[in-house]
Amino acid sequence: MAFYKYHGTGNDFILFDNRNGEYAFTKEQVAAMCHRRFGIGADGLMLLEREDGYDFRMVYYNSDGNESSMCGNGGRCIVAFAHMLGILRKSANFVAIDGPHTAQIENDIVHLHMRDVTSIDVREGYSILNTGSPHYVKWVDDVQAVDVFKEGRAIRNLPEFSPGGINANFVQIDDDTLHVRTYERGVEDETYSCGTGVTAAAIAATGKQTGDFTTNIITPGGRLSVTFTKDTSDTARDVVLSGPAVFVFHGDTHEG
């Protein structure tokens, strides 16, 4: 079984070309391949599959083996993977679990068009919104001082968000730049970067403002940017997540 490894600002993925339908993994197999001690190691695994009317379908699994909601960095990486396979050149039109997406490739940068945000729940000290995956965005003064694993896990498991849970983002605002650290459900740990998470942070950080926005993001794994338009204070459209998608290595695996 030929696999490929990519990362988007440290958010890393195992990818398989499944256009022939030859791969069908169990939850246990996905988790074993994603294990960082006994497997290949990754935050998630993706299958690139055929889909009528689109360049491909993205099927995404978290490292716990469960099929997951949309992954922004995964979406950027699978576009780069499709480009490497020769499926597309400079633009992509694909479908994921949250619906259709388009993307453009510019050198090593992938610009991924995310779903529109239809509501932003603003609360005292944090906001909740869905950018393809559900996110809790908490404002902090010093993001490096946060115990992301402990605090993120507590938020992820709050009864209010059961049974599926929620991703927890801790965000420090520094002028026009956001510093973001994220605890991801399904990985059940802090990741180096979360595409839907930084998108949620960028949109939430504008508060009640409307207009066109470009936000720079710094994560533990690198830099991203998010552009979007807010026609109203609690919606966002034309949301684009931009950043590098990097090929790491490829290899073969088999059942031992």
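The numbers here are math on the coordinates, done by the rules we state, and not lab data. In this text the structure is predicted, and so the values were computed from the model without any measurement. No Cβ is skipped: glycine too gets one built from the backbone with ideal geometry, and neighbour counts run over all protein chains shown.
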Can you tell me how many residues in the range 49-89 are free of Cβ contacts under 8 Å to residues at least 60 places away in the same chain and part of a strand (DSSP E or B)?
8
Single condition ILE173 does not satisfy, out of (1) closer than 20 Å to ILE120 by Cα; (2) in contact with a helix residue (DSSP H, G or I) (Cβ under 6 Å, 6 or more places away or on another chain); (3) in a strand (DSSP E or B)
(2)
Search result, residues across the range 20-48 that are in a loop (DSSP other than H, G, I, E, B) and either of a type in the set (Ser, Thr, Tyr) or surrounded by 16 or more Cβ atoms within 10 Å (Cβ to Cβ) (or both):
TYR23, PHE25, THR26, GLY39, ILE40, ALA42, ASP43
Output yes when any residue across the range 137-160 is touching a Cys at 6+ places or on another chain (Cβ under 9 Å), closer than 26 Å to ASN66 by Cα and in contact (Cβ under 8 Å) with a residue 40 or more places away in the chain, and no when none is.
no
In the range 176-192, residues that are closer than 16 Å to PHE149 by Cβ and not in a strand (DSSP E or B) total 5
